[in-house]
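A.B. asks: Supplied in structure tokens, the structure appears directly below.
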């Protein structure tokens, strides 16, 4: 049986996602961003397309690195505000039956017990479709919103993350699979001998257990992760079942793929149990000309200045005092997350900060695939069969129409080529990823 690619839809519970000008387009649903029906509609589209799942990005602050305030991100909708994705996914679970449902939660801010209970509950509510996108926070303003003065030193955050993963897995395992007896006649609801204290104590976190939520259908949620630094890749090699990657070329995708797969093997895991999915932004047209015209118009709505503010927020460095026409190679930036900074600087020769801001505003440095269903499928197939990825995180340039066009055009093309499922083969998120 031929290997089939995996597809996961990218979502944010906020007006715009990667494309900072899309909210101005007449087809956009961005003005309905507070309405849960917006996200339920997107989920139904993705499930109709047999996607493995959808996941929500989340942060715990309004960005204000650029210029030392949040003006740029509120004047136009950059990363402005966010609804809580866990509550949205609970509503989405009721209008879908197969689609995996993942949300972001930080190991730097939330205690293991809270994380374990939240995702075990979502897994029960969805019938085994929960996923956790694991992040380590990078901005002290997030810490301050949770009552801490600052985050741990950058070099220690993944150490803390390892402990949180160890503790949450111990909590999920604190109920054995057959703990429930449910014997009305003999008045035995559960076997207490199959529910256990955890008594986990690490350097950064501790938890007593047992979890107050019984063992969930999958045993534990699917673990997603997006670290690009060396330490982040090592963390992924140990824990991740899905990796959200950002790379601008096949060469960089392939190098990342080979490196992370080798780390998965080093940790004694099956490399097929870790799906590496680079993010792609898509614009589909009936012809190449129509697709290009759609992209040109949509991209004309982008604000380069807001894009620079987005870069500032991403790397944690205020770029407001740099001239927009300053060449990138002349900018000495040593702060910020190294992995993301490397992505931004890929192919930076001859580019200015304005160019980088425009590129960020269009797709946050993700490849923007523009073409017919056939040519977009050609590109995806080339990367997939070239072992540069196991599938894709699909980010719509315009919601919901980009998803509709992808599902109605590209998905059937991939199915005809035998490289994407025609129907779900299992019930859970993990089933989809391993089938």
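A.B. asks: Could you go through the stretch 287-307 and let me know if any residue there is under 24 Å from residue 130 (Cα atoms) and assigned to a loop (DSSP other than H, G, I, E, B). Working first, answer last.
C.D. replies: Narrowing the stretch 287-307 to residues under 24 Å from residue 130 (Cα atoms): none.
Among the residues of the stretch 287-307, not one is under 24 Å from residue 130 (Cα atoms) and assigned to a loop (DSSP other than H, G, I, E, B), which makes the answer no.
A.B. asks: Looking for something over 26 Å from the mean Cα position of the chain (by Cα) and either modelled with pLDDT under 85 or crowded, with 18+ Cβ neighbours inside 10 Å (or both) - is there at least one such residue anywhere in the stretch 338-347?
C.D. replies: no
A.B. asks: Is it the case that the stretch 97-113 has a residue that's in contact with a helix residue (DSSP H, G or I) (Cβ under 8 Å, 6 or more places away or on another chain), surrounded by fewer than 17 Cβ atoms within 10 Å (Cβ to Cβ), over 30 Å from residue 64 (Cβ atoms) and modelled with pLDDT of 95 or more?
C.D. replies: Yes; the residues of the stretch 97-113 include at least one that is in contact with a helix residue (DSSP H, G or I) (Cβ under 8 Å, 6 or more places away or on another chain), surrounded by fewer than 17 Cβ atoms within 10 Å (Cβ to Cβ), over 30 Å from residue 64 (Cβ atoms) and modelled with pLDDT of 95 or more.
A.B. asks: Still on this structure: Among the residues of the stretch 1-34, write down those that are part of a helix (DSSP H, G or I) and surrounded by fewer than 22 Cβ atoms within 10 Å (Cβ to Cβ).
C.D. replies: 23, 24, 30, 31, 32
A.B. asks: Determine which member of the set 172, 132 is surrounded by 15 or more Cβ atoms within 10 Å (Cβ to Cβ), on the phi < 0 side of the Ramachandran plot and either in contact with a strand residue (DSSP E or B) (Cβ under 7 Å, 6 or more places away or on another chain) or modelled with pLDDT under 95 (or both). Explain how you work it out, then say what you get.
C.D. replies: Values: 172 fails: either in contact with a strand residue (DSSP E or B) (Cβ under 7 Å, 6 or more places away or on another chain) or modelled with pLDDT under 95 (or both).
That would be 132, the only listed residue that is surrounded by 15 or more Cβ atoms within 10 Å (Cβ to Cβ), on the phi < 0 side of the Ramachandran plot and either in contact with a strand residue (DSSP E or B) (Cβ under 7 Å, 6 or more places away or on another chain) or modelled with pLDDT under 95 (or both).
A.B. asks: Restricting to the stretch 251-279, what's the tally of residues that are modelled with pLDDT under 95 and either surrounded by fewer than 17 Cβ atoms within 10 Å (Cβ to Cβ) or under 29 Å from residue 177 (Cβ atoms) (or both)?
C.D. replies: Residues that pass the stated criteria total 1.
A.B. asks: Would you point out the residue of the stretch 358-389, among those that are in contact with a helix residue (DSSP H, G or I) (Cβ under 8 Å, 6 or more places away or on another chain), under 28 Å from residue 301 (Cβ atoms) and part of a loop (DSSP other than H, G, I, E, B), that is modelled with the highest pLDDT?
C.D. replies: Among those that are in contact with a helix residue (DSSP H, G or I) (Cβ under 8 Å, 6 or more places away or on another chain), under 28 Å from residue 301 (Cβ atoms) and part of a loop (DSSP other than H, G, I, E, B), it is 372.
A.B. asks: Can you find even one residue in the stretch 242-257 that is part of a loop (DSSP other than H, G, I, E, B) and farther than 23 Å from residue 366 by Cβ? Can you show your working first?
C.D. replies: First pass over the stretch 242-257, keeping only residues part of a loop (DSSP other than H, G, I, E, B): 246-249.
Next cut, farther than 23 Å from residue 366 by Cβ only: none.
No: zero hits.
A.B. asks: Looking at residue 219, is it within 23 Å of the chain's Cα centre (by Cα), on the phi > 0 side of the Ramachandran plot and in a loop (DSSP other than H, G, I, E, B)? Steps first, please.
C.D. replies: Working: within 23 Å of the chain's Cα centre (by Cα): yes; on the phi > 0 side of the Ramachandran plot: yes; in a loop (DSSP other than H, G, I, E, B): yes.
So residue 219 fits the description; yes.
A.B. asks: If only one of 327, 323 is touching a strand residue (DSSP E or B) at 6+ places or on another chain (Cβ under 8 Å) and surrounded by fewer than 19 Cβ atoms within 10 Å (Cβ to Cβ), which one is it?
C.D. replies: Working: 323 fails: touching a strand residue (DSSP E or B) at 6+ places or on another chain (Cβ under 8 Å).
Only one candidate qualifies: 327.
A.B. asks: Any residue at all in the stretch 260-279 that is over 21 Å from residue 387 (Cβ atoms) and not in a helix (DSSP H, G or I)?
C.D. replies: yes
The values are calculated or read from the model by the stated rules, or taken from the named source; none is laboratory data. None of the values given here were measured: they were computed from a predicted structure. Positions of Cβ are backbone-derived with ideal geometry, glycine not excepted, and every protein chain shown enters the neighbour counts.
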